[in-house]
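**Q** To start, I am sharing the structure in question, which I have written as structure tokens.
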Amino acid sequence: ITHILPLTSVCKHWRNVALGSPSLWSTILDLPGDLTNPPFLEYFHRSAGGPLFVALKIHEGSQGLLQLLQENHERVQELYVDLRGLLQVNAPAYMVQTAAALLATSFPNIRRCA
């Protein structure tokens with residue numbers, strides 16, 4: 001399931017099941033735009049301190065996600081980062097800085113990384 005937020009709007013029962021299941025919220029996918037928006041933060045909150053599985057493509061809005069990953073680094077168990085933009089001769093500075101910050105972050109419980 002790539003977007004589970006709509007599940008909370010189907011009916012009261014589905015809402016209760018979705019909100020009461022932290023593992024449903026543990027997969028954080030790259031979202032367009034500013035990742036510090038409330039729905040993105042809800043995934044972190046609703047995952048209730050459980051393990052996180054993150055897939056992202058670095059873009060200008062990645063700073064919010066980077067900060068959340070750094071604050072929750074011990075929860076990240078899988079991290080997939082699309083770095084293809086770094087292969088450009090003139091890669092944007094934000095991309096280089098975000099990639100460097102990710103590489104400098106310790107993820108002590110990581111099991112998979114690509």
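The values are calculated or read from the model by the stated rules, or taken from the named source; none is laboratory data. What you see is a predicted model, and the numbers here were worked out from it, not measured in a lab. These area figures cover heavy atoms from the full protein model, side chains too; ligands, DNA and RNA do not enter into them. Shrake-Rupley method; radii C 1.70, N 1.55, O 1.52, S 1.80 Å.
**Q** Taking every pair of alpha-carbon atoms in the chain, give the share separated by more than 20 Å as a whole percent.
**A** Value for the chain: 42 percent of Cα pairs lie more than 20 Å apart.
**Q** Using only the alpha-carbon atoms, how far is helix 93-104 inclined from the longest principal axis of the chain? Give it as 0 to 90 degrees, nearest 10.
**A** 70
**Q** Counting each pair of different Cα atoms once, what's the Kirkwood radius of the stretch 47-87 in Å, rounded to one decimal?
**A** Over the stretch 47-87, the inverse of the mean reciprocal pair distance is 11.0 Å.
**Q** Would you calculate, for the chain, the mean residue ellipticity at 222 nm contributed by helices, counting each DSSP H stretch of 4 or more residues as -39,500 (n - 2.57) and dividing by all residues, to the nearest 500?
**A** -10000 deg cm²/dmol
**Q** Same structure, new question: At a 1.4 Å probe radius, carbon and sulfur cover how many percent of the accessible area of the chain? Spell out each step's value before the answer.
**A** Working: 3980 of 6790 Å².
With neighbouring chains kept in place, the figure for the chain is 59 percent.
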